[in-house]
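J.: Here it is: the structure, laid out below.
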2 protein chains.
Amino acid sequence: MRIVVLAGGVGGSRFLLGVRAWARAEEAAGRGRHELTAVINTGDDMWLTGLRITPDLDSVLYTLAGVNDTERGWGRAGETERVSAELDAWGVGWPWFTLGDLDLGAHIARSSWLRAGIPLHEVVARMSQRWELGVRLLPATNDEVETRVVTDSGELHFQEWWTRHRAALPARSFRHPGLESARPAPGVLDAIAAADVVLLAPSNPVVSIGPIVAIPGTREALATTTAPVIGVSPIIGGAVVRGMADACLTAIGVETDAAAVALHYGARHPAHGSAPGLLDGWLVDEVDAAGVAPLVATGIRTRAVPLWMRDLDTSAALAAEAIALV
Amino acid sequence: MRIVVLAGGVGGSRFLLGVRAWARAEEAAGRGRHELTAVINTGDDMWLTGLRITPDLDSVLYTLAGVNDTERGWGRAGETERVSAELDAWGVGWPWFTLGDLDLGAHIARSSWLRAGIPLHEVVARMSQRWELGVRLLPATNDEVETRVVTDSGELHFQEWWTRHRAALPARSFRHPGLESARPAPGVLDAIAAADVVLLAPSNPVVSIGPIVAIPGTREALATTTAPVIGVSPIIGGAVVRGMADACLTAIGVETDAAAVALHYGARHPAHGSAPGLLDGWLVDEVDAAGVAPLVATGIRTRAVPLWMRDLDTSAALAAEAIALV
């Protein structure tokens with residue numbers, strides 16, 4: 001089975017671990033081989049002190065490689081911050097955005113390759129070779145897309161809003177300079193077209209999944225693929241599972257609610273003449289079973305299952321449920 | 001007194017410590033104030049994995065700041081190499097050229113400033129503000145000059161020859177792409193013109209002092225300044241004090257000998273019609289007193305003193321002798 005997962009960083013990583021565990025278990029049981037491709041958000045990427053930082057790609061890479069810091073929830077395990085302390089002393093960079101020493105190795109390598117003219121998808125392929133990931137990683141695009149947050153007190157870079165202000169400044173909207181002229185990275189359209197199923201990880205619908213599916217070409221590929229598109233709700237019982245997606249949803253006028261997010265994504269084949277959206281199916285937590293019942297009428301099949309990815313087993317079970325919805 | 005010192009990295013740093021200690025002692029004794037300017041070699045500078053590395057400027061900065069590693073002889077004290085180990089794992093950079101973590105902070109800051117269009121002399125001024133150096137540091141030039149080593153088996157970057165091969169491949173000559181079109185950094189010509197004395201540190205005559213004095217404009221300024229130019233021999237008793245200057249001297253056909261190096265620099269006011277050179281005076285070790293006796297006839301005053309810079313006191317005494325030769 002060819003499985004394509006659209007994913008952001010932390011939540012996407014955990015979901016990918018589950019999909020990979022499910023696929024490995026299937027293979028071990030002799031129930032066929034599975035080819036996993038992850039299309040990763042690049043909307044948070046940025047140049048900082050001359051280095052290209054790709055937070056979501058790094059989260060996914062480190063997590064699949066098993067070198068991520070599971071306690072802190074981001075970055076490399078056993079990380080130190082000696083270089084960052086020096087950057088503070090020199091007065092460069094963002095003191096509130098710490099770059100770990102191990103992490104900096106990746107940033108320096110990536111930046112030097114990009115400056116040498118190697119496109120991002122090849123950089124990602126090169127970095128993926130260091131470990132046995134079991135998932136092919138593709139950036140959503142090789143082109144530089146930025147996320148800016150419009151607030152009442154002015155416009156901020158997404159990271160400033162997210163990391164420095166912990167999303168506490170009310171956001172009015174998000175801007176993505178570069179998005180309209182961005183093209184899907186080589187491999188993305190082919191992967192979606194050839195997929196047996198496309199899964200939307202329970203990542204931030206606004207700043208993680210949003211920028212992936214808004215890239216011209218990608219949305220069309222998702223509309224025309226013969227594969228069903230199944231989303232996993234990032235909202236359980238009206239609250240975000242992790243991160244601050246609620247602040248992002250509020251900014252775009254979407255309620256922090258499993259059904260509301262599904263309606264925001266929309267049905268690929270809407271039951272009544274509304275504009276086609278993304279989803280064939282939508283996986284929600286059992287506490288949201290009643291709330292999503294009306295979705296069926298819009299053309300989105302739903303299924304309520306235990307949605308908390310507490311560990312690898314629950315993540316794999318969730319992946320199995322997503323596949324089962326096909 | 002306005003004192004200008006032309007210097008390379010490690011030997012230059014130690015000499016500058018001595019000059020500063022001498023100047024501070026003079027001031028403490030009420031014998032006037034001294035203004036110290038160091039013009040530092042940039043011929044070894046390079047871009048490596050997207051970072052601008054300036055080995056001699058760093059050695060001088062760290063040494064004057066008192067944060068240098070005195071045991072190892074280069075880099076920062078308390079240094080670690082976590083990022084470098086990652087760069088090795090990613091397969092970027094030169095595995096034999098280790099970049100320390102603390103050091104990388106400086107490289108990243110410097111590179112981001114240079115990319116923002118800030119010229120090197122301003123970058124150096126900015127970095128100098130972090131500590132109380134007591135010496136104004138100027139790069140020899142803001143322009144990028146490279147040092148390449150011609151050997152029988154091909155041409156190498158200077159660092160590859162020096163650090164990787166420990167100068168063991170016989171060098172045939174040195175090339176300095178960029179040198180002919182380089183201009184002295186702002187401040188260099190004024191400092192030389194206004195100096196009361198110009199000192200040549202006991203640095204490598206070929207790859208440290210050589211690229212400084214070969215910059216068009218700098219050589220003319222050294223020829224026309226009213227200040228005497230006094231050199232300190234990097235050779236004692238036919239051997240280099242530190243480093244591998246002998247391999248460099250051999251490549252350009254100069255004997256590893258205190259008198260031979262003085263003749264290589266040449267007399268500013270030659271006694272007989274030979275082309276004017278750099279030196280008014282030349283400080284050698286006592287073991288070389290007899291060997292340099294013939295120099296007087298060429299127009300170079302000499303003085304034999306204890307030349308080993310064992311510690312701050314001997315370095316300061318050496319500086320005092322150099323000033324006394326004026």
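J.: Two-decimal Rg/Rh of the protein assembly as shown from alpha-carbon positions, Kirkwood Rh?
T.: Numbers: Rg = 32.1 Å, Rh = 28.2 Å.
On the Cα set of the protein assembly as shown, Rg over Rh gives 1.13.
J.: Tabulate in residue order the Karplus-calculated ³J(HN,Hα) for the range B:220-225, using 6.51 cos²θ - 1.76 cosθ + 1.60 with θ = phi - 60°, rounded to whole Hz; enter x for Gly and Pro.
T.: Residue by residue, the range B:220-225 yields 5, 4, 5, 6, 9, 4 Hz.
J.: How many square angstrom of accessible surface are buried between A and B, both sides summed, with a 1.4 Å probe and rounding to 100? Walk me through the numbers on the way to the answer.
T.: Working: alone 13890 and 13900 Å², together 25380 Å².
For chain A against chain B, roughly 2400 Å² becomes buried.
J.: Further, regarding this structure: Just to be sure I follow the definition: excluding the sites themselves, where is the longest run in chain A that has none of the GluC sites (Glu not before Pro) in a DSSP loop with at most 11 other Cβ atoms within 10 Å? Working shown, then result.
T.: On the way: sites that count: A:Glu71, A:Glu132, A:Glu180.
No qualifying site falls inside A:181-326, the longest such stretch.
J.: Rounded to the nearest 10 degrees, what's the angle between the helix A:101-115 long axis and the longest principal axis of chain A, both from Cα atoms, 0 to 90?
T.: Tilt of helix A:101-115: around 90 degrees.
J.: What value, in deg cm²/dmol to 500, does the helix sum -39500 (n - 2.57) over DSSP H runs of n ≥ 4 give at 222 nm once divided by the residues of chain A?
T.: Numbers: 11 runs with 109 residues, N = 326.
Rounded to the nearest 500, the figure is -10000 deg cm²/dmol.
J.: Another question about this same structure. Hey, any idea what Rg/Rh is for chain B, computing Rh the Kirkwood way over Cα pairs?
T.: Working: Rg = 19.0 Å, Rh = 20.0 Å.
Value, to two decimals: 0.95.
J.: From the label point of B:Ala214, set 7 Å along Cα to the beta carbon, how far off in nm is each other copy's matching point, shortest first?
T.: 5.5
J.: Between A:Asp313 and B:Arg242, how many nm apart are label points set 7 Å from Cα along the C-beta direction?
T.: Rounded to a tenth, the inter-label distance reads 6.2 nm.
J.: From the label point of A:Gly32, set 7 Å along Cα to the beta carbon, how far off in nm is each other copy's matching point, shortest first?
T.: Those label-point separations list as 9.1 nm.
J.: Here is a further query. May I ask you to compute the full-extension gain from B:Arg115 to B:Ala297, defined as 0.36 nm times their residue separation minus their alpha-carbon distance, rounded to one decimal in nm? Write out the running numbers ahead of the final one.
T.: Values: separation 182, 0.36 × 182 = 65.52 nm, distance 5.06 nm.
Full-extension gain reported as 60.5 nm.
J.: Between copies, how far apart are the A:Ala77 label points? List them in nm, one decimal, shortest first, with each point 7 Å from Cα toward Cβ, please?
T.: Output for A:Ala77: 3.6 nm, nearest copy listed first.
J.: Based on the Cβ-Cβ distance from A:Asp152 to A:Trp96, what FRET efficiency comes out when R0 is 25 Å, to the nearest 0.05?
T.: Values: r = 21 Å, r/R0 = 0.83.
Working from the Cβ atoms, E equals 0.75.
J.: When DSSP beta bridges are limited to those with both residues in the range A:28-148, what percentage is antiparallel, rounded to the nearest 5?
T.: Values: 4 of 8 bridges.
Close to 50 percent.
J.: For A:Glu286 paired with B:Ala28, estimate the spin-label separation in nm (one decimal), with each label point 7 Å from Cα along the Cα-to-Cβ line.
T.: 7.9
J.: Springs between alpha-carbon pairs under 10 angstrom, Gaussian network model over chain A: which of A:Gly18, A:Gly243, A:Gly273 fluctuates most?
T.: Between A:Gly18, A:Gly243, A:Gly273, it is A:Gly273 that shows the largest mean-square fluctuation.
J.: Which value in nm describes the separation of the simple spin-label points at A:Thr70 and B:Arg136, placed 7 Å from the Cα toward the beta carbon?
T.: 5.9
J.: Reported to two decimal places, what Rg/Rh ratio describes the range B:71-114 when computed on Cα atoms with Rh from the Kirkwood expression? Working shown, then result.
T.: Numbers: Rg = 11.1 Å, Rh = 11.2 Å.
Rg/Rh for the range B:71-114 comes to 0.99.
J.: Among all stretches of chain A without exposed trypsin sites (Lys or Arg not before Pro) (DSSP loop, at most 11 other Cβ atoms within 10 Å), which one is longest?
T.: Numbers: sites that count: A:Arg31, A:Arg33, A:Arg72, A:Arg166, A:Arg310.
That would be A:167-309.
J.: Given a 10 angstrom Cα cut-off, can you work out which residue in B:Ala293, B:Ala239, B:Ala29 is the most mobile in a GNM of chain B?
T.: So, out of B:Ala293, B:Ala239, B:Ala29, the one fluctuating most is B:Ala29.
J.: What does the accessible area per residue of the range B:11-138 come to in Å², with a 1.4 Å probe and no ligands, DNA or RNA counted? Intermediate values should be presented prior to the final figure.
T.: On the way: 4740 Å² over 128 residues.
It amounts to 37 Å² per residue over the range B:11-138.
J.: Residues of the range A:21-70 losing 10 Å² or more of accessible area relative to the isolated chain, 1.4 Å probe, heavy atoms only?
T.: When all protein chains are present, A:Thr49, A:Gly50, A:Leu51 each give up 10 Å² or more of accessible surface.
J.: Can you give the FRET efficiency for A:Glu122 and B:Arg219, using 1/(1 + (r/R0)^6), R0 = 45 Å, r = Cβ-Cβ distance, to the nearest 0.05?
T.: Details: r = 47 Å, r/R0 = 1.04.
Using R0 = 45 Å, I get an efficiency of 0.45.
J.: I would also like to ask the following. Could you give each residue of the range A:7-19 its phi-based ³J(HN,Hα) in whole Hz, using Karplus coefficients 6.51, -1.76, 1.60 with θ = phi - 60°, and x for Gly or Pro?
T.: Coupling constants for the range A:7-19: 8, x, x, 5, x, x, 4, 5, 5, 5, 4, x, 4 Hz.
J.: In the range B:1-66, what percentage of the DSSP-assigned beta bridges are antiparallel, given to the nearest 5? Write out the running numbers ahead of the final one.
T.: Details: 3 of 9 bridges.
So the antiparallel bridges in the range B:1-66 amount to around 35 percent.
J.: Right, something else. Along the charge dipole of chain A, which of A:Gly32, A:Gly43, A:Gly93 sits closest to the positive end, that is, farthest toward it, with unit charges on the beta carbon of Lys, Arg, Asp and Glu (+1, +1, -1, -1)?
T.: Of the options given, the answer is A:Gly32.
J.: Here is a follow-up. Within the range A:217-326, report the chymotrypsin sites (Phe, Trp or Tyr not before Pro) that DSSP leaves as loop and that have at most 16 other Cβ atoms within 10 Å.
T.: Details: sites: A:Tyr265, A:Trp282, A:Trp308; in loops: A:Trp308.
The qualifying sites are A:Trp308.
The values are calculated or read from the model by the stated rules, or taken from the named source; none is laboratory data. As the structure is a computational prediction, the values presented were derived from the model and not from experiment. Neighbour counts run over all protein chains shown; Cβ positions are idealised from the backbone, glycine included. Surface accessibility is based on the protein's heavy atoms, side chains included, excluding ligands, DNA and RNA. Shrake-Rupley method; radii C 1.70, N 1.55, O 1.52, S 1.80 Å.
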